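S.K.: I have a structure I would like to understand better, so I am pasting it below and will then ask my questions one at a time.
The values are calculated or read from the model by the stated rules, or taken from the named source; none is laboratory data. Remember, it's a predicted structure, so these values are computed and weren't measured experimentally. FYI the Cβ positions are ideal-geometry reconstructions off the backbone, even for glycines, and counts take in every protein chain you see. Quick note on the areas: whole protein, heavy atoms, side chains included, nothing else; ligands and nucleic acids left out. Shrake-Rupley method; radii C 1.70, N 1.55, O 1.52, S 1.80 Å.
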Amino acid sequence: MLDRRSFLGTAAAAGAAPYAARAVPVAQPGPAQQPQPQDQPQDQRRGHESFMAEAIAEGRRLERYPFGAVIVRSGLVVARGVNASAENPAYHGEMVAIDDHAQRADDPDWGATTLYTTAEPCPMCMSACAWAGIRRVVWGTSIEGLRRTGLDQIDLSATAVADAARSFYSPRLLLGGVLADVTDAMFRRAQAIRDGGTPAGTG
């Protein structure tokens with residue numbers, strides 16, 4: 001059986017992008033919860049949207065499958081990832097970002113990080129967050145939203161995975177729908193590109 005360190009080493013980074021400048025810090029949320037973006041205080045909502053914009057920028061590097069992710073610590077983007085599953089099926093954007101942070105940080109301090117991703121983490125990626133102890137995970141498009149753009153998905157939500165890991169994992173924030181209007185449009189545009197149609201008007 002792989003321990004956490006071995007597990008985190010299985011995904012290799014696919015060319016990390018330069019780090020972003022300092023952005024709006026995210027206030028720490030309370031106990032484990034599944035709020036809606038509109039329920040967040042205005043300053044936290046702005047922070048989440050600022051960092052989601054960074055994940056979206058990563059996703060836009062891959063037009064056909066715009067799964068991008070960033071990891072934030074102490075108000076800074078400290079790791080980045082974009083889907084590289086054409087190279088290796090395990091290289092989802094979140095996995096690449098996790099590996100990027102593991103490679104770069106002397107002390108990853110996973111519990112102090114927040115992962116932002118353009119789409120709800122699949123069971124593999126959410127399990128990686130649990131094993132790492134990333135206690136705050138924020139996403140844009142839902143798994144159901146991805147299905148509507150023709151992308152196959154395992155029917156298991158991020159919150160269900162987190163709940164299944166509750167014997168050792170206690171997330172403080174699992175928040176979906178942040179800038180979902182932008183990420184949904186981006187995935188619709190990607191569908192049009194994959195289908196060989198025109199992306200005009202789809203995002």
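S.K.: Viscosity 1.306 mPa s, temperature 10 °C: Stokes-Einstein D of region 40-148 from its Kirkwood Cα radius, in µm² per second?
M.R.: This corresponds to a translational diffusion coefficient of 116 µm²/s.
S.K.: If the chain between residue 144 and residue 46 were fully stretched, how many nm would it gain, using 0.36 nm times the residue separation less the Cα-Cα distance?
M.R.: Extra length from residue 144 to residue 46 when fully extended: 32.8 nm.
S.K.: Largest first, please: the extent of the C-alpha atoms of region 68-203 along each principal axis, to the nearest Å.
M.R.: For region 68-203, the Cα extents along the three principal axes come out at 46, 30, 28 Å.
S.K.: What FRET efficiency comes out for the pair residue 166/residue 105, r = Cβ-Cβ distance, R0 = 35 Å, nearest 0.05?
M.R.: 0.85
S.K.: Counting only protein heavy atoms and using a 1.4 Å probe, what share of the accessible area of region 131-203 belongs to carbon plus sulfur, as a whole percent?
M.R.: Heavy-atom surface of region 131-203 belonging to carbon and sulfur, 1.4 Å probe: 49 percent.
S.K.: Starting from the 7 Å offset along Cα-to-Cβ, what nm value, one decimal, do you get for the label separation of residue 87 and residue 181?
M.R.: Modelled inter-label distance: 3.5 nm.
S.K.: Convert 10 °C to kelvin, take the viscosity as 1.306 mPa s, use the Kirkwood radius over C-alpha pairs of region 128-169 as Rh, and evaluate the Stokes-Einstein diffusion coefficient in µm²/s, rounded to a whole number.
M.R.: Translational diffusion coefficient: 138 µm²/s.
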